[in-house]
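Presented below is the structure to which this report refers.
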Amino acid sequence: MNWDLVLSSLGPLLLGAVTATIPLAIASFAIGLVLALAVALLRLSRNALLAGIGRFYVSVIRGTPLLVQLFVIFYGLPSLGVRLEPWPSAIIALSLNVGGYAAEVIRAAILSVAKGQWEAGHMIGMSRGQTLFRIILPQAARVSLPPLSNTFISLVKDTSLASLILVTELFKESQKIAAVSGDFMVLYLEAALIYWVICLVLSTIQSQLEKRLDRYVAH
C-alpha cells in the first residue's frame, strides 16, 4: 500500500466529494422529489389519460439503465441540436431517474393513509388540494422517509456515473490521479472508502430522523 499516495490524494478526493458529489446528489434529489410528487399525483388521478402518462414515465425510467439515460441526454441530444454542459446533463438525468423511482414510493405512501383522513378534511370544509397538502402528505412523509432516504443514499453512489460525461466529482478525481500515478487499485479503493463513509453518515442521519418522527406517531 502506497500510503504517501493515499495521503496526498485524500485532499483532492474529499474536495471532489464536497464540491461535486454531494451537491450533485442534493440538487438532483430535490428536483427529483418535486417531479416524483407530480408523477405520483398523476398516477393517482381519476383521469385515465393523466394516470397513463404517469405510468408511462415510471415505466420508461425504471425500465432503462441510468447510464443510458445519462448518455442520451449528454451525447444523444446534440444530434437534435440541443447541447448541454456536463453538470446540467447530470442533474437532469439523475433528477428524472429519482423522479421515476420516488414517484412510486410517494404514491404508495399516500395510498397508505386511511381514506377517513380525506373524509375528515372534506367535513371541515377543506378542498381536495388542501386536504392533500395539509393532512395527507404530512402523514405520508413519515411512511415514505425510509425508502426515500435509501433512494438518496443510492443516488450518492450513482453520481459516480456522472464521471462518464465529464463531471469532475469524487470518482473522476480518483481516475485522474490514478492515470498519473498508475496505482489504480489504491485510488479506487480510497474512493470506495469515502463513498462508504458518506453513506454511513447518511444512514445514521436517517436513523435519527426516523426516531424523532416515531415520537409523534401513535403505536
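The values are calculated or read from the model by the stated rules, or taken from the named source; none is laboratory data. If you're wondering where the values come from, they're calculated on a predicted model, not measured in any experiment. Don't worry about glycine lacking a Cβ; one is built from the backbone with ideal geometry, like all the others, and counts go over all protein chains shown. What goes into the accessible areas is simple: the full protein's heavy atoms, side chains included, and nothing from ligands, DNA or RNA. Shrake-Rupley method; radii C 1.70, N 1.55, O 1.52, S 1.80 Å.
Working only within the range 22-55, note down all residues that are open to solvent by 30 Å² or more (accessible area, probe 1.4 Å) and either within 25 Å of Ala162 (Cα to Cα) or under 13 Å from the mean Cα position of the chain (by Cα) (or both).
Ile22, Pro23, Ile26, Ala27, Phe29, Ala30, Ile31, Leu33, Val34, Leu35, Leu37
Are there any pairs with C-beta distances below 8 angstrom linking a residue in the range 55-71 that is under 25 Å from Pro86 (Cβ atoms) and in a helix (DSSP H, G or I) to a residue that is among the aromatic types (Phe, Trp, Tyr) and open to solvent by 60 Å² or more (accessible area, probe 1.4 Å), with the two at least 6 apart or on different chains, and if so which?
Close Cβ pairs satisfying both conditions: Ile61/Tyr101; Arg62/Tyr101.
With respect to Leu94, is the statement that it is open to solvent by less than 60 Å² (accessible area, probe 1.4 Å), at pLDDT 85 or above, within 16 Å of Ala38 (Cβ to Cβ) and part of a helix (DSSP H, G or I) true?
When the stated conditions are applied, Leu94 does not pass them.
Look through Lys172, Lys115 and report the one residue that is open to solvent by less than 60 Å² (accessible area, probe 1.4 Å) and either under 28 Å from Val34 (Cβ atoms) or among the hydrophobic types (A, V, I, L, M, F, W, C) (or both).
None of the others qualify; the one that does is Lys172.
Is there a residue being outside any helix (DSSP H, G or I) and over 25 Å from Ala141 (Cα atoms) anywhere in the range 183-200?
Looking for residues that are outside any helix (DSSP H, G or I) and over 25 Å from Ala141 (Cα atoms), one finds at least one in the range 183-200, hence yes.
For (1) in a helix (DSSP H, G or I); (2) modelled with pLDDT under 90, each residue gets a yes or a no:
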site	(1), (2)
Gly116	yes, yes
Gly129	yes, yes
Asn150	yes, no
Ile153	yes, no
Lys157	yes, no
Leu161	yes, no
Ile205	yes, no
Lys211	yes, yes
His219	no, yes
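Which of the numbered conditions does Ser127 fail, given that it passes all the others? Conditions: (1) without any contact (Cβ under 8 Å) to a residue 60 or more places away in the chain; (2) of a type outside the set (Phe, Trp, Tyr); (3) under 30 Å from Asp214 (Cβ atoms).
All conditions pass for Ser127, except number (3).
Against the condition open to solvent by less than 50 Å² (accessible area, probe 1.4 Å) and of a type in the set (Val, Ile, Thr), how does Val18 come out, does it pass?
Against the criterion (open to solvent by less than 50 Å² (accessible area, probe 1.4 Å) and of a type in the set (Val, Ile, Thr)), Val18 does not qualify.
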